[in-house]
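The values are calculated or read from the model by the stated rules, or taken from the named source; none is laboratory data. Because the structure is a prediction, the values reported are computed rather than measured. Here the Cβ positions follow ideal geometry from the backbone for every residue, glycine too, while neighbour counts run over all protein chains shown. We work out accessible area using only protein heavy atoms, side chains counted, and drop any ligands, DNA or RNA first. Shrake-Rupley method; radii C 1.70, N 1.55, O 1.52, S 1.80 Å.
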Amino acid sequence: MYAFDIERPSTIADAVTALQGEDAQALGGGQTLIPTLKQRLAAPSKLVSLSGIGEMQGVCVGDDGAVCIGGATTHATVSREAAAHYPGLAALASHIGDPAVRNRGTIGGSLANNDPAACYPAAALASGATIVTNNREIAADDYFQGMFATALDEGEVITEVRFPVPQAANYQKFLQPASRFALVGVFVAKYADGVRVAVTGASENGVFRWAEAEAAFSADFSASALDGLTVDADGMIADLHGSGAYRAHLVSVNTKRAVEAAS
Amino acid sequence: MPKDSGIGASPKRREDLRFLTGAGKYTDDINIHGQTYVHFLRADVAHATINSIDTSAAAAMPGVVHIFTGADFEAVGGIPCGWQVTDRFGEPMQEPKHPVIAHGTIRHVGEIVAAVVGETLEQARDAAEAIVLDLTEKPAVIDMKAAAADGSTKVHDDLTSNICYDWGFVEENRDAVDQAIKDAAHVTTLELVNNRLVANPMEPRVAVGEYSRSDDMHTLHTTSQNPHVIRLLMGAFVLGIPEHKLRVVAPDVGGGFGTKIFHYAEEAFCTFAAKAVNRPVKWTSTRSEAFMSDAHGRDHVTKIELAMDADNNFTALRTETYANMGAYLSTFASSVPTWLHGTLMAGNYKTPLIYVNVKAMFTNTVPVDAYRGAGRPEATFQLERVIDKAARERGVDPIALRRQNFVTEFPYATPVAVEYDTGDYEATMAKLEEIADIGGFAARRTESEKNGKLRGLGVNCYIEACGIAPSNLVGQLGARAGLYDAATVRVNATGSISVMVGAHSHGQGHETSFPQVISEMIGIPEDQIDIVHGDTSKIPFGMGTYGSRSLAVCGSAMVRAAEKVINKAKKIAAHLLEASDADIELKDGQFSVAGTDKSVAWGDVTLAAYVPHNYPLEDIEPGLEETAFYDPANFTYPAGAYACEVEVDPDTGKVTIERFSAADDFGNVINPMIVSGQVHGGIAQGVGQALLENCAYDEDGQLISASYMDYAMPRADDLPFYTVDHSCQTPCTHNPLGVKGCGEAGAIGSPPSVVNAVVDALQSGGKNVTHIDMPLTPSRVWDAMNNA
């Protein structure tokens, strides 16, 4: 990697200040950024580590019942501490990457990076989560803006993510055989006012909601409600690991399985 | 009662204590005072003319010691190929120069274009970014059939075409095979791809070159399976360093799988550069570099035709293969699709007529060479797949069809030039039926169907020729080296023993299994015996470890040397016991006079050899150390039968291996635990090839599976618990231990059974799928199901 400075602030305010420097880059768990640096594919002048900020750590339940997760909370912590409150989300966290990834990688890092095959974007979008930053709150529907693109401004830090807790939810991930990222992942969440379905891994535009499936499930929350519904293969990712048609097919399969497994 | 020591016992691997506690000493652990680091600037295009390389700015950067380009290596030789294949017209193969650093032309992504030697690795890397290349890109030659066509862009302008050789075997059989196929009652045809693989040993390659001006001594520390081969190839052919001025050391090596047999440009570079800059030069491959510079494996495109008479007896076999050589000929590249492939096409069957045609192709890709099994998996895969297809077409049981055509009498001379000394294919098949519970399959299939899954059973046989190889034979076939091995048994004064062996252990457990043999012969505890390997300054000139040869060839040398030691020790004992040496017996570490109670211990005899006060100095030299070289009379022919059961998820195409059973005949077995481990590892790599691994290039010659993000290695949860058995033993008839070889069997024997099982599963679900090319990824299986 190229040489850089590193700061490890202990408050959000200090982190935001540190990130104002030119070519400064926030560092979450480093599960994407560090390999990128090692390949010399990025050259930040300064890394600002968010892992020492106490107020960005941990899981709690808000007054409105939402599960609130600090932006610097690792997947392993979420899998443990959210289990009693939002088991579908905890289960997703417990299957991201491998133990090393789960003990370093953070929810804020994952959402800020918005890898089109990452798991957390599906949970956030399907849960109608709120992405809380150092200066505003962003609805998940407004936050995800395409592959690796988000509503975050330069230097803006995800401090917390708030997940309304659904009546039932499940995440089904079909693994890309090499990376074990989601070849296609579908998160289904059933709320009192309707069902939300979010798909990761499949689309060239990153995570998306499948409106037809949501409408069908809101009327009838069962796998058979999906009969005859498919997503268009156009716009699906096609690569070494599967065609667009295959990914579109897996969206249906995973969605049905998620509804069947939702609890 | 299992033995607890000697031949047939399973002591735990003594080397694992250091490997599992982080105490192994690998090449990257070697750091020498004053050492520099090299960063290789590698091509990021597949094919280009190098118009100029401007290193001036880079040379001025901090920490740069020296920058080398192809021009610096004009005066030295190219990286040699160790095997000259003669084509079917009697002409030698086309053999382009393989420069240490690209000179004038870039021929594959990853080829070295310049080398920056720096005080630190980061400084070298910084400077490499400042090198300015002026390139003119050329079309990349990737597809082998297109490469063979007239008018194709040539990988090497100085060759007549991209065809390295067009090999026919046995050429005299060509017309007879054609006729037999015309006349056959039934011909089954299959076109298939044997997918290109990257070996991916856990330890990447490393080279540290060192030069001592005071005595003109070169030392290369390197990750090699065969340090003497590297010394021979690099010293004699590339750099012109005589053997006594070149030491090659391969310490602990973290897996090779064939890819660390070959002599690589980076080794020659570090050795050359260490003298040029008069400081040690170190290179440690990154994983990314490994993907684009370690020799790849397999990559055959094949059409096979199996002819049968009306009673389903095999009458003839014809195969036509395009074999990828990559951009240059790696050390054994030319031998893999020919002598390690064509000679195995008879398999376990008495097919009377066989013709094998192989066109070896140059392409703008990384060189392709031996990978675990090397040619034999390619032969086995096509043969066992076409037999399975034939059984389906003829409506007969695939096991019965195989049995009907088994070779049953030994020795058996195949129509493809090898003679199987011994075997019992019926025995391994019967054992397989037992351990795989073939009889219970139908019930298991019903159970799977209840769960919405398609279950399939795939069976195959395999035979391999290993224990490589009789030198006079391979010499006739074009090998440019002998393939004997050597061992020195050095008995120390107090009776402990050091055995210096030409074989190299990089996962095989030689440090445990070789002493078991000596312990059995002499009757002293295994912990009194150590194995020394991996350093040309310490070991005799043996040829290293590959082709499942260590025990069959080097182990035989060790036995011969130990026999010499024992014979001499008996003479010493006879003197001490005042008896005739013909009457001396050695048992349990005691020499005794037959029919008497007179005896002397091993340690007393060895002490006498080194403190020869009461010693027949007029008849026998003092000391007790013997060397033997062993050249095998034939290959050894391990064989067996494998069964795989899969479940296929019809919704997604995902294949899960539910059961895997292997019945192998390895002849006599020294350490059953180690042999099982070798089979386990081999099956993991075979399953990896069958289901997961795929080294893919795009049409521009970019490697699109260039990291673990896209190249799928088998993981523990991809594999079932195996049932392996090696109780069927027909000992090799021509080596002193009666051993065959077990290192490659799992990788050779497993891919066809996996594919056979998946096809069987899909057929059971009403899908008329007859073949899917490996790897059988979920998307490929799903595509096949939906196009059927």
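Observations on the structure shown:
- Test item: Cα-centred dipole of the protein assembly as shown, Lys/Arg +1 and Asp/Glu -1 on Cβ, debye: 700
- Euclidean distance of C-alpha centroids, region B:702-733 and region B:410-463, integer Å: 18
- Other-chain or far-sequence residues with amide H under 5 Å of B:LEU41's (modelled H): B:VAL113, B:ALA114, B:ALA115, B:VAL116
- Whole-Å semi-axes of region A:5-163's equivalent ellipsoid (Cα gyration tensor): 23, 17, 15
- Percent of Cα pairs exceeding the 23 Å cut-off, where the set is region B:484-630: 35
- Near B:PHE514, once Lys and Arg are set to +1 and Asp and Glu to -1 for all other residues with Cβ below 14 Å from its Cβ, the sum equals -2.
- Buried area at the B:A interface is about 1900 square angstrom, summed over both chains, from accessible surfaces computed with a 1.4 angstrom probe.
- B:PHE629 sits with roughly 120 Å² accessible to a 1.4 Å probe, with DNA, RNA and ligands left out of the calculation.
- Accessible surface of region B:484-630, 1.4 Å probe, proportion on carbon and sulfur as whole %: 46
- A 1.4 Å probe run over the protein chains yields, for region A:5-163, 42 Å² of accessible area per residue, whole-number rounding.
- Table column - 3J(HN,Hα) (Hz), region B:572-580, Karplus curve with 6.51, -1.76, 1.60, x for Gly and Pro: 5, 4, 4, 5, 5, 8, 6, 10, 7
- Geometric extent, Cα atoms of region B:312-440 - Rg, Dmax (angstrom): 16.6, 50
- Selection from B:ALA579, B:LEU617, B:PRO62, by position along the positive dipole direction of the protein assembly as shown (Cβ): B:ALA579
- Under the Karplus curve 6.51 cos²θ - 1.76 cosθ + 1.60, θ = phi - 60°, whole-Hz ³J(HN,Hα) for region B:245-257, x wherever Gly or Pro sits: 10, 9, 10, 10, 10, 10, x, 4, 10, x, x, x, 6
- Net dipole in debye of region A:5-163 [+1 Lys, Arg Cβ; -1 Asp, Glu Cβ; about Cα centre; nearest 20]: 620
- Applying 1/(1 + (r/R0)^6) with r as the Cβ-Cβ distance of A:LEU41 and B:LYS450 and R0 = 56 angstrom yields a FRET efficiency of 0.65.
- Around the Cα centre of region A:168-261, unit charges on the Cβ atoms of Lys, Arg, Asp and Glu (plus for the first two, minus for the last two) sum to a dipole of about 380 debye.
- Dipole of the protein assembly as shown computed with +1 at Lys/Arg Cβ and -1 at Asp/Glu Cβ about the Cα centre; of B:GLY8, B:ASN278, B:PRO415, farthest Cα towards the positive end is B:GLY8.
- Relative pair counts by distance (%), Cα atoms of region B:104-224, 10 Å bins: 8, 18, 25, 23, 14, 7, 4, 0
- Apportionment of accessible area to carbon and sulfur, region A:5-163, percent (1.4 Å): 47
- Listed residue (A:GLN20, B:GLY682, A:GLY244) projecting farthest to the positive dipole end of the protein assembly as shown, Cβ model: B:GLY682
- For A:GLU7, distant residues with modelled amide H under 5 Å away: A:LEU47, A:VAL48, A:SER49
- When B:PHE591, A:PHE144 are compared by accessible area at a 1.4 angstrom probe, the order from most to least is A:PHE144, B:PHE591.
- Note on the protein assembly as shown: Rg/Rh from Cα positions, Kirkwood definition for Rh, rounded to two decimals, is 1.00.
- Mean-square fluctuations from a GNM of chain A, with a 10 angstrom spring cutoff on Cα atoms, peak among A:LYS190, A:LYS173, A:LYS38 at A:LYS38.
- Distance from region B:58-74 to region B:337-383 (C-alpha centre basis), Å: 42
- Chain B gives an Rg/Rh value of 0.99, both radii derived from C-alpha positions and Rh following Kirkwood.
- Helical contribution to [θ] at 222 nm, DSSP H n ≥ 4, -39,500 (n - 2.57), averaged over chain B, rounded to 500: -7500 deg cm²/dmol
- In the context of the full set of protein chains, residues of region A:168-261 present 36 Å² of accessible surface per residue (probe radius 1.4 Å, heavy atoms only).
- Interchain or long-range residues, amide H under 5 Å from A:VAL195's placed H: A:SER218
- Here's the list of lysines a cross-link from B:LYS564 could span, going by alpha-carbon distance under 21 Å and ignoring same-chain residues fewer than 8 apart: B:LYS538, B:LYS587.
- Compared with the alpha-carbon gap, the fully stretched path from A:GLN145 to A:VAL101 is longer by 13.3 nm at 0.36 nm per residue.
- Projected label distance in nm at B:SER496 and B:ALA310, using a 7 Å step from Cα toward the beta-carbon: 7.4
- Surface accessible to a 1.4 Å probe, per residue, for the residues of chain B, Å²: 35
- Within a straight-line Cα-Cα reach of under 18 Å, A:LYS256 can be paired with the following lysines, leaving aside sequence neighbours fewer than 8 residues apart in one chain: A:LYS173, A:LYS190, B:LYS453, B:LYS654.
- Restricting the calculation to Cα atoms, every distinct pair contributes to the Kirkwood radius of region A:168-261, found to be 13.0 Å.
- Partners for B:LYS303 among lysines (Cα-Cα distance below 20 Å; same-chain residues under 8 apart left out): B:LYS145, B:LYS182, B:LYS359, B:LYS389
- Paramagnetic reach from B:VAL132 in region B:49-63 [backbone N under 13 Å; point 7 Å along Cα→Cβ]: B:52-59
- Rounded to the nearest Hz, the phi-derived 3J(HN,Hα) couplings of region A:215-228 under the Karplus curve 6.51 cos²θ - 1.76 cosθ + 1.60 (θ = phi - 60°) are 5, 5, 6, 5, 7, 8, 7, 8, 4, 5, 4, 8, 3, x, where x marks glycine and proline.
- For B:MET93, the solvent-accessible surface with a 1.4 Å probe is about 10 Å², rounded to the nearest 10.
- In this calculation the C-beta distance from A:ALA84 to B:ASP700 is compared with R0 = 45 Å, giving a FRET efficiency of 0.30.
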